[in-house]
1. Among (1) more than 25 Å from SER27 (Cβ to Cβ); (2) touching a residue at least 60 places away in the same chain (Cβ under 8 Å), where does ARG161 come up short?
2. Scan the stretch 140-164 residue by residue and report those that are open to solvent by 70 Å² or more (accessible area, probe 1.4 Å) and β-branched (Val, Ile, Thr).
3. For the stretch 86-115, what are the residues that are over 12 Å from LEU188 (Cβ atoms), surrounded by 12 or more Cβ atoms within 10 Å (Cβ to Cβ) and in contact with a Phe, Trp or Tyr (Cβ under 9 Å, 6 or more places away or on another chain)?
4. Go through (1) farther than 13 Å from ILE83 by Cα; (2) open to solvent by less than 20 Å² (accessible area, probe 1.4 Å); (3) of a type outside the set (D, E, K, R) one by one and return the number of the condition VAL167 breaks.
5. Quick check on the stretch 38-48: of everything there that is within 22 Å of ASP123 (Cα to Cα) and modelled with pLDDT under 85, which residue is surrounded by the fewest Cβ atoms within 10 Å (Cβ to Cβ)?
6. How many residues are under 25 Å from TYR79 (Cα atoms), surrounded by fewer than 18 Cβ atoms within 10 Å (Cβ to Cβ) and aromatic (Phe, Trp, Tyr) if we restrict to the stretch 6-37?
7. Taking the conditions exactly as written (surrounded by fewer than 16 Cβ atoms within 10 Å (Cβ to Cβ), free of Cβ contacts under 8 Å to residues at least 40 places away in the same chain and among the aromatic types (Phe, Trp, Tyr)), does TYR178 satisfy them or not?
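The values are calculated or read from the model by the stated rules, or taken from the named source; none is laboratory data. Note that the coordinates shown come from a computational prediction; the quantities given were computed from them, not determined experimentally. FYI the Cβ positions are ideal-geometry reconstructions off the backbone, even for glycines, and counts take in every protein chain you see. Just the protein is used for accessible areas: all its heavy atoms, side chains included, with ligands, DNA and RNA removed. Shrake-Rupley method; radii C 1.70, N 1.55, O 1.52, S 1.80 Å.
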Amino acid sequence: MGNNEEIIYDDEDLLSPIDAAKLVGVSRTTVNYWIRYYGLKADTTPGKRYKIRYADLKLFLAFNKRDKRAKLKRKVSKYKIAIIEPIEATRKNYIEWLQSDYNLTCIRNLQNPISELKKLSPDLILMDINLSDNYEYFSVLDDIRKEIMLKNTLIIIITKRYNEDDVVNGLEKGACDYVQKPVGQNELKARIKNALRFYVDV
């Protein structure tokens, strides 16, 4: 098949999120968010993977198409953000700054947040890695990425522990951004908005 040859699908053909993403010109994460939040119909295989009928994808895009690009209105009013932060004053700042734009939940069990995170299924996690003198800094990231439900959740690390090795380590372990404390209100809002725009394509 030549590079310029167009792939033709029948209406009943089943596409993976990767196939759909390539066809539409967005990321696989965007297609998964369309399924979870915007109403794109998809079947779930026994292996917990999505399959999308080509006819359903066409209908979805036709309904939401604007200016040659799918600009979608979320079914839910706000993104869900989980806050993992040991300092009460900092938690209060985050809540004050963000509560009008996002649904916020402060994780209570900082040593083992996985159970709460799985129940919440957040779109984004704001977290400090400096949670305890007895706790390995990046082990929480490792725990989060081991969970299928949380594997693709966006993570922004906000911490005083800031040097090149830590930044690289955090990003390599799955964080999408690494921010040095103290962080201001406008900067935090911009970083959250940028993460959601880049990864979710809104």
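1. (2)
2. ILE148
3. Correct list: ASN103, LEU104, CYS106, LEU110.
4. Exception for VAL167: condition (2).
5. LYS48
6. Counting residues in the stretch 6-37 that are under 25 Å from TYR79 (Cα atoms), surrounded by fewer than 18 Cβ atoms within 10 Å (Cβ to Cβ) and aromatic (Phe, Trp, Tyr) gives 1.
7. No; evaluated as a whole, the condition is false for this residue.
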